[in-house]
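Report on one structure; see the data block that follows.
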Amino acid sequence: MRYLPKSPVDREEMLAEIGVASIDDLFSTIPQEFQLKRDLAIPRQHAESEILDRFREFAEKNAVGYSSFLGAGVYRHYRPVIIDSLVQRGEFLTSYTPYQPEISQGTLQAMFEFQTMICELTGMEIANASMYDGSTGAAEAIMMAVRVTGRDGAVIARTVHPEYREVIATYAQHQEIPTTEVAYAENGRVDLAALDAAISENTACVLIQSPNFFGTIEDVEAIAEIAHAKGALLVVSIAEAVSLGIVKAPVEADIVSLEAQSYGVALSYGGPYCGVIACKEKFLRQMPGRLIGETKDKDGKRGFVLTMSTREQHIRREKATSNICTNQALVAMMTTIFLTVYGKQGMKELAEHNLAKAAYLKSVLGMTGKVLFEGAPRFNEFVLQLPKSAEETNAALLKAKIIGGLSLAKWYPELGSNATLWCATELTTRKQMDAVAAELAGKKA
């Protein structure tokens, strides 16, 4: 946004038009204790060359040369350089929204291809393009299940990402959707007996995450049987999309909520990311977001249209399924390019690479700490109980330019202050893993 300065004469004219004598009179309704009576503490103006120097100094303070073992819903994967080359083309970068299909064919086709790939990966019949991120997608999936079933409650596994659950709580509070959390078993999976007991005749859906927050893969088939036997839908949230390259698609689910950040989207300090909802076709009319369809023009040529957009801007508010207004199309374009570059076989190999890296990291760190939740398959994350507190351990690792595992004490206090969540992807090198193992063991790598 441009900054347009106002001269003293401009300000006097504006005040006169408003009908006040001074700026102080304009803000007289604000209590004195909240009024700033001094100049703002901001630095002096800088020349362009000075500004560049300042930012170079800031850049030198960034975490350059550090190895990271963080995951927890945000994953470091290699981004092919072609992604940025293509998405920065004006045809895609400047396209806001495809209201006019006749001049938006490129954008519409890209979104159509995106939907198609998501369906192939998740085993669902339709997918939207798209949601804000994985957390809002999970919340929207619950609201969708409430509309489909006519019930008003949701049962949520405690192994769902804690921050996803916080977002869901915000949505559910104002949608008046009561939620119940279900504990996990010793193997890190949702407790099936507790889940069965928690589902009532008012339960619209069961929400699980697989791989879950601990990196453990849930028994989707068994959970689906329990949910469906009581008339509830099953929503499966997926935070690590690369897992779909090797983990069986959750075809037993009714709705899948996916965070597609792993598909070529940069970490970017937490966003923007790309959420997706995919589902069975019979739930089409209750899906939020946009749906792109393929058609033919009067000459029989292939074309694309905005088939459905159920936001209140397009249809009557009482019929709208969501007020989501940004469809993250540019970020969805990144994932489309990523999936096109890797292809079916490449996605499988990438997932296998992640599995192998995590297995090696678990083996070397398991010599110093205790790996929790054994006995169930996992993807590229695991929980490690350290000899010392996570805070103390990570502070020591930082001195060696290592960003250690995520402390779980905030969300899972029952695991103690020593429990940490570790992640390895294809970008984690063996040298880095050996180095952190040596540091934890008190040896020099």
* Charge dipole of the chain about the Cα centre (unit charges at C-beta), most positive-ward option of Ala41, Gln345, Val235 -> Gln345
* To do: Could you pull out every one of the aspartates and glutamates with an alpha carbon less than 15 Å from that of Lys388, ignoring same-chain neighbours closer than 8 positions?
  => Glu439
* Structure fact -> Here the gain from full extension of Lys230 to Ser268, 0.36 nm per residue of separation minus their alpha-carbon distance, amounts to 9.5 nm
* Asked: Taking only the alpha-carbon atoms of segment 183-298, what semi-axes of the equivalent ellipsoid follow from 5 times the gyration tensor eigenvalues under a square root, in whole Å, largest first?
  -> 27, 21, 12
* To do: Compute the accessible area per residue over segment 1-120, keeping the other protein chains in place, probe 1.4 Å, unit Å².
  => 79
* Asked: At a Förster radius of 51 Å, what calculated FRET efficiency corresponds to the Cβ-Cβ distance of Lys370 and Ile42, to the nearest 0.05?
  -> 0.50
* Structure fact -> Contact order relative to length for the chain, counting C-alpha pairs under 8 Å separated by 6 or more residues, stands in percent at 20
* Scattering curve values for the chain, log₁₀ I(q)/I(0), Debye with Cα scatterers, q = 0.07 Å⁻¹ -> -0.44
* Fully extended contour minus Cα-Cα distance, from His174 to Ile51, at 0.36 nm per residue -> 39.8 nm
* To do: Could you do me a favour and compute the accessible area per residue for segment 372-445, 1.4 Å probe, result in Å²?
  => 47
* Over segment 95-196, what percent of the accessible surface lies on carbon and sulfur atoms, probe 1.4 Å? -> 49
* Structure fact -> With +1 at each Lys and Arg Cβ and -1 at each Asp and Glu Cβ, the charge dipole magnitude of the chain around its Cα centre, to the nearest 20 debye, comes out at 920
* Asked: Looking at the chain, which longest stretch skips every one of the GluC sites (Glu not before Pro) that is in a DSSP loop with at most 11 other Cβ atoms within 10 Å, leaving the sites themselves out?
  -> 202-445
* Cβ-Cβ FRET estimate between Glu13 and Glu60, R0 fixed at 45 Å, reported to 0.05 -> 0.45
* Inter-label distance, nm, simple model (7 Å from Cα along the C-beta direction), Lys344/Glu120 -> 0.7
* When the solvent-accessible surface of protein heavy atoms is calculated with a 1.4 angstrom probe, in what order do Thr180, Thr307, Thr94 fall, highest first? -> Thr94, Thr307, Thr180
* **Gap separating the Cα centres of segment 161-212 and segment 255-269, nearest whole Å** => 22
* Counting only protein chains, not ligands or nucleic acids, how are Met14, Met334 ordered by accessible area (probe 1.4 Å), most first? -> Met14, Met334
* **All lysines inside 25 Å of Lys37 as judged from Cα atoms, apart from same-chain residues fewer than 8 positions distant** => Lys6
* Asked: Which longest uninterrupted range of the chain lacks any chymotrypsin sites (Phe, Trp or Tyr not before Pro) assigned by DSSP to a loop state (not H, G, I, E or B) and surrounded by at most 15 other Cβ atoms within 10 Å?
  -> 100-445
* **18 Å Cα-Cα threshold exceeded, pairs from Lys357/Lys399; Lys401/Lys431; Lys280/Lys301; Lys248/Lys370** => Lys357/Lys399; Lys280/Lys301; Lys248/Lys370
* Asked: Membrane-span-like helices in the chain: DSSP H runs reaching 27 Å or more (Cα, own axis), mean Kyte hydropathy at least -1.0?
  -> 329-365
* **Relative contact order %, segment 86-222, counting alpha carbon pairs below 8 Å whose residues are six or more apart** => 22
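The values are calculated or read from the model by the stated rules, or taken from the named source; none is laboratory data. These numbers were taken from a predicted model, which means no experiment stands behind them. Ideal geometry is used to build each Cβ from the backbone, glycine not excepted, and the neighbour counts take in all protein chains shown. Ligands, DNA and RNA are stripped out before the accessible areas are found, and what is left, the full protein with its side chains, is counted by its heavy atoms. Shrake-Rupley method; radii C 1.70, N 1.55, O 1.52, S 1.80 Å.
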